[in-house]
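The structure under discussion appears below in the form of structure tokens.
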Amino acid sequence: MKILVINCGSSSLKFQLLDMNDESVLAKGIVERIGSEGTSITCETPKNGKIRNCESAGNHTDAASLVFKYLSDEKTRVIKNANEIDAIGHRLVHGGEVYNSSVLIDDKVVEALKKYSVFAPLHNPANILGIEACKNLLPDVPMAGTFDTAFHQTMPDYAFMYALPYSIYEKHKIRKYGFHGTSHRYVSGIAAKELNKNNPKIISCHLGNGSSICAVCNGKSVDTSMGYTPVDGLVMGTRCGDLDPAIVNFIEKEEQMSHKEVDDMLNKKSGVYGISGISNDFRDLENALHDGNKRAKLALEIFDFRLRKYIGAYTAIMGGLDALVFTAGIGENDWETRYFACKDLEYLGIEIDENRNKTIRGNFADISLPGSKVRIYVIPTNEELMIARDTKEIVSALK
Ligand code: AMP
């Protein structure tokens with residue numbers, strides 16, 4: 001079974017074609033700058049490597065037909081034509097309180113995406129564009145969707161509620177939803193298999209440009225750091241994470257900024273970038289730190305401090321810990337962040353193998369000392385594979 005996984009942004013369309021017989025990746029890539037001048041497609045196949053070409057795509061349907069063209073053209077030849085695609089799996093962002101697992105996409109799901117666009121105004125409308133593009137081009141191919149929020153729907157009410165008047169929740173459904181759910185589900189699933197014990201308690205740290213941490217008890221998300229929006233929780237590349245809400249009013253008044261300007265600041269100009277004034281990229285920050293830059297040092301210290309605080313808090317709420325998992329760009333590649341996250345946590349049973357940790361970049365590894373009570377894993381995330389597996393299961397049940 002060949003499954004195409006689609007992840008649509010407002011002006012981009014990422015794709016990955018998988019052969020689900022052996023879960024191999026046949027091709028992957030991205031169409032960028034859809035609808036503006038300078039649209040390009042990058043397509044990578046195991047046989048031909050990466051190619052990048054300028055093309056034109058006025059909308060997402062054009063972008064999807066470019067993808068089909070590249071997958072079936074003479075050079076790549078991963079498929080003969082688009083009819084070889086058995087199913088399409090979409091990465092969807094916000095499923096509100098309704099969707100707690102992946103679903104077969106029908107009109108009801110599209111309506112729900114529209115309804116929850118109020119919670120994810122940039123992402124959900126882009127997801128709908130992706131669905132419609134595929135429907136226009138391959139109307140008979142079944143499609144499934146995997147929501148970023150779904151995995152966190154198991155959080156108990158005392159974890160997802162904010163202490164606001166209850167009517168705010170009833171009227172507007174303002175609550176913690178959490179994000180990165182597919183990634184947390186994937187890596188915590190692998191960690192659970194490795195542990196091979198009953199009721200495993202796992203903390204999953206998805207540390208990338210956007211970062212979140214999740215407490216997973218017996219396969220279920222019981223708390224996560226992102227909240228009503230993905231700006232909450234850990235310090236991120238350009239997002240502030242946890243913040244006293246009174247600060248927003250103060251800045252609006254004193255800096256004479258509009259709501260939109262403050263929102264932009266919290267999302268795009270804060271985090272380690274805002275503190276350091278240098279970059280949102282940890283490689284740049286670590287270079288600057290080693291050159292003696294004090295604000296780069298401070299930015300990284302604030303990041304590590306908050307991460308450690310959450311590790312402690314999540315160990316407490318689960319009543320212990322069996323495995324700590326690092327994933328995504330920083331978690332998979334940056335040994336310094338992993339080291340500072342684990343340092344001096346021996347009293348929690350977390351003992352990192354410092355030498356081994358330094359050698360691990362982008363591959364699965366157990367980086368805990370042999371006697372460590374808590375296993376520490378580096379696990380490369382693979383949201384596309386998770387979406388393809390869910391799609392396969394849903395579509396196979398139709399037959
Ligand atoms: P992601 O959003 O998961 O793609 O992660 C992107 C982020 O990972 C970048 O902004 C960097 O901060 C970080 N990153 C990627 N590679 C490395 C590396 N080799 N060392 C340190 N940080 C890295």
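The values are calculated or read from the model by the stated rules, or taken from the named source; none is laboratory data. Computed from a prediction, not measured in an experiment: that's the story for all the values here. Here the Cβ is made from the backbone with ideal geometry for all residues, glycine too, and neighbour counts use every protein chain on show. Accessible surface is based on the protein model in full, side chains and every heavy atom, while ligands, DNA and RNA are left aside. Shrake-Rupley method; radii C 1.70, N 1.55, O 1.52, S 1.80 Å.
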**Q.** Ordering of 8-16, 24-32 by burial proxy (mean other Cβ atoms within 10 Å per residue, highest first)
**A.** 8-16, 24-32
Q | Stretch gain in nm, segment GLU255-ASN136, where the contour uses 0.36 nm per residue and the Cα spacing is subtracted | A | 38.1 nm
**Q.** In range of the label at LYS173: residues from region 85-105 whose backbone nitrogen is under 12 Å from the point 7 Å along Cα→Cβ
**A.** 94-100
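For region 215-308, which GluC sites (Glu not before Pro) are both in a DSSP coil and crowded by at most 13 other Cβ atoms within 10 Å? Don't skip to the end; give the middle numbers.
Numbers: sites: GLU252, GLU254, GLU255, GLU261, GLU286, GLU301; in loops: GLU255.
Taking region 215-308 and a limit of 13 other Cβ atoms within 10 Å, the loop GluC sites (Glu not before Pro) found are GLU255.
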Q | For LYS297, net neighbour charge (Lys/Arg +1, Asp/Glu -1) across residues whose Cβ lies under 11 Å away | A | -2
Q: Could you sort 326-333, 41-48 so that the peptide with the highest average Cβ count within 10 Å comes first and the rest follow in order?
A: 326-333, 41-48
Q) Along each of its three principal axes, how wide is the spread of alpha-carbon positions in region 198-275, in whole angstrom units, largest first? A) 55, 22, 16
(Q) Counting only other residues whose beta carbon sits under 9 Å from that of ASP366, what net charge do I get with K and R as +1, D and E as -1? (A) 0
Q) Relative contact order for region 5-50: what is it in percent, counting Cα pairs under 8 Å that are at least 6 residues apart? A) 27 percent
Q.
Could you compute the net charge surrounding VAL325? Neighbours are other residues with a C-beta less than 11 Å from the C-beta of VAL325; K and R count +1, D and E count -1.
A. -2
**Q.** Solvent-accessible surface ranking, highest first, for LYS294, LYS135 at 1.4 angstrom
**A.** LYS294, LYS135
Q: Quickly work out the ASP107-to-GLU84 label distance, labels modelled 7 Å from Cα along the C-beta direction, and quote it in nm with one decimal.
A: 3.5 nm
**Q.** CD proxy at 222 nm, helix term only [per DSSP H run n ≥ 4: -39500 (n - 2.57); per residue of the chain; nearest 500]
**A.** -11500 deg cm²/dmol
Q. Could you give the nm distance between label points at ARG361 and TYR158, where each point is 7 Å from its Cα heading toward the beta carbon?
A. 4.5 nm
Q: Among DSSP beta bridges lying fully in the chain, give the percent that are antiparallel, nearest 5.
A: 70 percent
Q: Output the Cα-based Rg and Dmax of the chain in Å, rounding Rg to one decimal and Dmax to a whole number.
A: 21.5, 62
**Q.** Phi to ³J(HN,Hα) by Karplus 6.51 cos²θ - 1.76 cosθ + 1.60 over region 82-94, Hz, x for Gly, Pro
**A.** 4, 5, 6, 7, 7, 7, 10, x, 9, 7, 10, 9, 10
Q. Could you sort MET265, MET155 by accessible area so the largest value comes first, with the probe set to 1.4 Å?
A. MET265, MET155
Q: Just tell me, in residue order, which DSSP H segments of the chain are both 30 angstrom or longer along the helix axis (alpha-carbon based) and at least -1.0 in mean Kyte-Doolittle hydropathy.
A: 294-318
Q. Highest GNM mean-square fluctuation, the chain, Cα pairs closer than 10 Å: which of ALA144, ALA133, ALA316?
A. ALA316
**Q.** region 279-346, relative contact order [Cα under 8 Å, separation at least 6], %
**A.** 29 percent
Q) Where in region 226-241 does the amide nitrogen come within less than 17 Å of the point 7 Å from the Cα of ARG295, taken along Cα to Cβ? A) 236-240
Q. Counting only heavy atoms of protein chains, what accessible area per residue, in Å², does the chain have with a probe of 1.4 Å?
A. 47 Å²
Q) With each pseudo-label sitting 7 Å past Cα toward Cβ, what's the GLU37-LYS193 distance in nm, one decimal? A) 4.9 nm
Q: Of the DSSP beta bridges with both residues in region 315-385, give the percent that are antiparallel, rounding to the nearest 5.
A: 40 percent
Q: Starting from region 233-292, pick out the trypsin sites (Lys or Arg not before Pro) whose DSSP state is loop and whose Cβ has at most 16 other Cβ atoms within 10 Å.
A: LYS269
